[in-house]
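Have a look at the structure below, then the notes.
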Amino acid sequence: MHGPAESGWLLAALCAGTGAYCLLRMRSGVEEQRRTAGGEALMGFGMAAMAVPAAVFAPPAWAWGGYAALFGAVALRALWAARTGAHHLHHLVGALAMVYMAVVMAGTPAGGHAHGTGIPLLTDGLLLYFAGYVLLAGARLVPVPAVAGASGAKGWGDRPELARACRLSMGIAMVAMLLTM
């Protein structure tokens, strides 16, 4: 995304770190968690690639179409998966937001700023959605008392609090990216 280089690098690092952790979560013994972690890893790495400051690396014009196609396919998969659970609707909204940002960036002159080039009502709606998601995800991180008899030995892929923190960081990154639109 276009904007100050420092914030772009921080955003890219946050998203890449989140994507890397999601790859670790793919080692879970629960298939649904592995599938969800794979989709979140793709989102994290895709967001990291889009967040690299344009002053440092301006992707070729065709790259934005590639992002739109990739996340369009992710959106179709999330739409199909939404038949079985509401969490997939969030993945659908996230993938469609990535498609929207890629299309807007494709129409932005190289090295220019995307600010003001998107559809304001759509951008505002996505900002409201992701801001609400961030608040809800943050509230879910508030510690709760441990359940008696709960197993303390969990693998990296089976730690729900870390998965929530991962989703929270991607939600915050999505808000930051949408603010540049």
Taking segment 19-36 and the residues there that are touching a residue at least 60 places away in the same chain (Cβ under 8 Å) and over 18 Å from Met170 (Cα atoms), the one that is surrounded by the fewest Cβ atoms within 10 Å (Cβ to Cβ) would be Gly29
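Working carefully through the options Met170, Met177, find the one that is surrounded by 18 or more Cβ atoms within 10 Å (Cβ to Cβ), at pLDDT 90 or above and touching an Asp or Glu at 6+ places or on another chain (Cβ under 9 Å). Spell out the reasoning first.
Numbers: Met177 fails: touching an Asp or Glu at 6+ places or on another chain (Cβ under 9 Å).
Every option except Met170 fails the conditions.
Quick grid of which residues meet (1) acidic (Asp, Glu); (2) touching a Phe, Trp or Tyr at 6+ places or on another chain (Cβ under 9 Å); (3) in a helix (DSSP H, G or I):
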site: Leu10; (1), (2), (3): no, no, yes
site: Ala13; (1), (2), (3): no, no, yes
site: Ala16; (1), (2), (3): no, yes, yes
site: Gly19; (1), (2), (3): no, yes, yes
site: Gly29; (1), (2), (3): no, no, no
site: Gly39; (1), (2), (3): no, no, yes
site: Gly46; (1), (2), (3): no, yes, yes
site: Ala54; (1), (2), (3): no, no, no
site: Trp62; (1), (2), (3): no, no, yes
Odd one out for Glu40 among (1) touching a residue at least 40 places away in the same chain (Cβ under 8 Å); (2) out of contact with any His (no Cβ under 9 Å at 6 or more places or on another chain)
(2)
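The values are calculated or read from the model by the stated rules, or taken from the named source; none is laboratory data. Remember, it's a predicted structure, so these values are computed and weren't measured experimentally. So basically every Cβ, Gly included, is an ideal-geometry build from the backbone, and we count neighbours across all protein chains shown.
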